[in-house]
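Novice: I'd like to ask you about the structure that follows.
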Amino acid sequence: MNKNITVVLLLVLAAGCSSNPQDGASGSPMDPRRKVSEQDCSRPIDTGGGNLMCREVTEAERRARAAEEERQARARREAQERQARAQREAEERAARERLERERAEQLALEEAARKQRAAEEERLAAERRRLEALAALKAQEERERKERAEAEALARQRAEQEAREAAARECRRLEQERSDGRALLANFVANYGKVEEFKEIAGQITAFLDKARKVKPCPPA
């Protein structure tokens, strides 16, 4: 049906081109400079431009044209697939790059946070060391103060002990001198008390020796 319509249309076009106009003027021949649009009579006519030339197409030509159209369609599909694959790869690459950027940013943030924590820990450690050093210095000063106080107390005790010992030695020395003196007086009376010349003084010495003594005991050393 379509084939018959196409043939009729071509015959009408050909008749119109070859028939003379009613005013008797002869028709213009086809312009040889225009391209020839070769048409397959078994297909719809494409009047897009050029001189139309309709001819019968053989089965081999139809198969070749169908194969060519199939090849072009396949090439278009492959090109579309390549384009889609390239687009997917570009999207995947962009996604990977975005993930890598986000990962790099995350790593940078983590590194900055780590450095900040390390700096804070170092500051706290330095403050702790400073406080420990200050506490150690205060403890050392306190130990030295106690040692000085103990040394001073020991020195005072030694000085007091030495003073007591010196006083006791001096008391004993004086007591010994008094004892020695009294012994000398007693010996003088015993040896020379009967001599007329010393009787008076011997009597005084005897009275002195017989007088009760108020002896103050010496302090303990």
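The values are calculated or read from the model by the stated rules, or taken from the named source; none is laboratory data. Quick caveat, the model's predicted, so the values are computed rather than measured. Glycine also receives a Cβ, built like all others from the backbone with ideal geometry; neighbour counts cover every protein chain displayed.
Novice: Can you tell me which residues in the stretch 180-203 are within 29 Å of residue 218 (Cα to Cα), of a type outside the set (Phe, Trp, Tyr) and either surrounded by 12 or more Cβ atoms within 10 Å (Cβ to Cβ) or touching a residue at least 12 places away in the same chain (Cβ under 8 Å) (or both)? Break it down into steps so the answer makes sense when it comes.
Specialist: At the first step, the residues of the stretch 180-203 found to be within 29 Å of residue 218 (Cα to Cα) are 180-189.
After this cut, where a residue has to be of a type outside the set (Phe, Trp, Tyr) as well, the list is 180-187, 189.
If the condition is that a residue be within 29 Å of residue 218 (Cα to Cα), of a type outside the set (Phe, Trp, Tyr) and either surrounded by 12 or more Cβ atoms within 10 Å (Cβ to Cβ) or touching a residue at least 12 places away in the same chain (Cβ under 8 Å) (or both), then 182, 185, 186, 189 are the ones that fit.
Novice: Give me the pairs, please: first residue somewhere in the stretch 114-136 and touching a residue at least 12 places away in the same chain (Cβ under 8 Å), second residue anywhere and of a type outside the set (Gly, Ala, Ser), beta-carbon distance under 8 Å, and either six or more positions apart or on two chains.
Specialist: Pairs that qualify, where the first residue is touching a residue at least 12 places away in the same chain (Cβ under 8 Å) and the partner is of a type outside the set (Gly, Ala, Ser): there are none.
Novice: Look through 200, 152 and report the one residue that is modelled with pLDDT of 90 or more, of a type outside the set (A, V, I, L, M, F, W, C) and assigned to a helix (DSSP H, G or I). Spell out how you get there, then give the answer.
Specialist: Details: 200 fails: modelled with pLDDT of 90 or more.
Answer to the check: 152.
Novice: Let me ask something additional. Would you check if residue 207 is modelled with pLDDT of 85 or more, of a type outside the set (D, E, K, R) and either in contact with a Cys (Cβ under 8 Å, 6 or more places away or on another chain) or not in a helix (DSSP H, G or I) (or both)? Quick ask: steps written out before the conclusion?
Specialist: On the way: modelled with pLDDT of 85 or more: yes; of a type outside the set (D, E, K, R): yes; either in contact with a Cys (Cβ under 8 Å, 6 or more places away or on another chain) or not in a helix (DSSP H, G or I) (or both): no.
Against the criterion (modelled with pLDDT of 85 or more, of a type outside the set (D, E, K, R) and either in contact with a Cys (Cβ under 8 Å, 6 or more places away or on another chain) or not in a helix (DSSP H, G or I) (or both)), residue 207 does not qualify.
Novice: Restrict the check to the stretch 97-113 and report whether at least one residue is exposed (fewer than 10 other Cβ atoms within 10 Å of the Cβ) and out of contact with any strand residue (DSSP E or B) (no Cβ under 8 Å at 6 or more places or on another chain). Please lay out each step first, then the result.
Specialist: Let us first name the residues in the stretch 97-113 that are exposed (fewer than 10 other Cβ atoms within 10 Å of the Cβ), namely none.
No - not one qualifying residue is present in the stretch 97-113.
Novice: Within the stretch 101-154, count every residue that is within 14 Å of the chain's Cα centre (by Cα) and of a type in the set (Gly, Ala, Ser).
Specialist: Residues flagged as within 14 Å of the chain's Cα centre (by Cα) and of a type in the set (Gly, Ala, Ser) within the stretch 101-154 amount to 5.
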